[in-house]
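Okay, so here's the structure we're looking at.
The values are calculated or read from the model by the stated rules, or taken from the named source; none is laboratory data. All values reported here derive from a predicted model rather than from experimental measurement. Here Cβ is always computed from backbone atoms with ideal geometry, including for glycine, and neighbour counts include all displayed protein chains.
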Amino acid sequence: MYIDSHCHINFPELAARMPEILARMAENRVTHALCVSVDLPDFPQVLALAEQYPHIYASVGVHPDYADTPEPSVEQLLALAQHPKVIAIGETGLDYFRLQGDLEWQRERFRVHIRASRASGKPLIIHTRAAAADTIRIMQQEGAGTDAGGAAGVMHCFTESLEVAQAAMAMGFYISFSGIVTFKSAKELQAVARAVPLERILIETDAPYLAPVPHRGKMNEPGFVKHVAEYLADLKGVLLAQLAQQTTDNFFNLFKLVR
Ligand SMILES: [Zn+2]
Ligand SMILES: [Zn+2]
């Protein structure tokens, strides 16, 4: 069994194909998926999916790429995170690749999410792109890690160096690999994945984006997380069953879910 720890199945292109998507999950033994919120106006659809399907979970947060969207307060995030199917805060973080200029608002928004995570005890889903040093610095300053009484979380769709992975793991964070790790060109990332201990790894699709080989270039969906698992098992020289079991256990441990 596999768990897709990060997808956006509420996006219209996937939501319109829900029966097919759920069928492919079942066919590929993808038992659960976490549908990740990107802004507050979309949150009701994310939550509706989690309420409708027992094996779909939700998060609440505002993505750093969404500039023109209502800014969340700690209180708002806490109120929305009270729902039992909302298991995480995010996705949040920093993205200096997609947006440039004065991004102080992104850093402030990130701090708000970390405060909500600490106050609710729900782990963070962190997106970081071309901003690793600031991301780690703010995580440390705001006490995101378990070492500082935080709830930790996951560095999603990880594409950074081993040093960044180690800094996050030192704070109790997990490292999530997406279809990117299966791309031929991703040699450096593959070396990072080889070095990250199995006990710290989650797998994800980030659907509808970033479909893994052999579906590269097509629309991604949670069922395809199986290909990320297969690739990582090969890369790390472990049995697929072991990788599937460990990443599943990691997901349930991080999000404190009872099976
Ligand atoms: Zn992201
Ligand atoms: Zn995402």
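Would you please name the residue that is surrounded by the fewest Cβ atoms within 10 Å (Cβ to Cβ), looking only at residues in region 1-16 that are within 16 Å of ligand 1 (Cβ to nearest atom) and either in a helix (DSSP H, G or I) or of a type outside the set (Ser, Thr, Tyr) (or both)? Before you say what the answer is, go through the steps one by one.
As a first pass, look at region 1-16 and keep what is within 16 Å of ligand 1 (Cβ to nearest atom): 4-11, 14.
Pick out the ones that are also either in a helix (DSSP H, G or I) or of a type outside the set (Ser, Thr, Tyr) (or both) and you get 4, 6-11, 14.
Values: Asp4: 31, His6: 28, Cys7: 27, His8: 22, Ile9: 27, Asn10: 23, Phe11: 18, Leu14: 21.
Of everything passing the filter in region 1-16, Phe11 is surrounded by the fewest Cβ atoms within 10 Å (Cβ to Cβ).
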Scanning region 242-259 residue by residue, those buried (at least 21 other Cβ atoms within 10 Å of the Cβ) and among the β-branched types (Val, Ile, Thr) turn out to be Thr247
Filtered residues of region 107-159 (kept if among the basic types (Lys, Arg) and in a helix (DSSP H, G or I)): Arg107, Arg109, Arg111, Arg115, Arg118, Arg137
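Counting just the residues of region 51-67 that are of a type outside the set (S, T, N, Q) and more than 16 Å from ligand 2 (Cβ to nearest atom), which one comes out nearest to Thr92 (Cα to Cα)? Steps first, please.
Quick first cut of region 51-67, residues of a type outside the set (S, T, N, Q) only: 51, 53-58, 60-67.
Add one more test, that the residue is more than 16 Å from ligand 2 (Cβ to nearest atom), and what stays is 51, 53-55, 67.
Working: Glu51: 23, Tyr53: 24, Pro54: 25, His55: 23, Ala67: 13 Å.
Filtering first and then ranking leaves Ala67.
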Conditions (1) more than 13 Å from the chain's Cα centre (by Cα); (2) aromatic (Phe, Trp, Tyr); (3) within 15 Å of ligand 1 (Cβ to nearest atom): number failed by Phe183: (3)
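Listed residues Ala165, Ala148; which is more than 23 Å from Asp4 (Cα to Cα) and either away from ligand 1 (no atom under 15 Å from the Cβ) or out of contact with any Lys or Arg (no Cβ under 8 Å at 6 or more places or on another chain) (or both)? Before you say what the answer is, go through the steps one by one.
Values: Ala165 fails: more than 23 Å from Asp4 (Cα to Cα).
Answer to the check: Ala148.
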Can you find a residue that is crowded, with 18+ Cβ neighbours inside 10 Å, among the hydroxyl-bearing types (Ser, Thr, Tyr), modelled with pLDDT of 95 or more and within 16 Å of ligand 2 (Cβ to nearest atom) anywhere in region 182-195? no
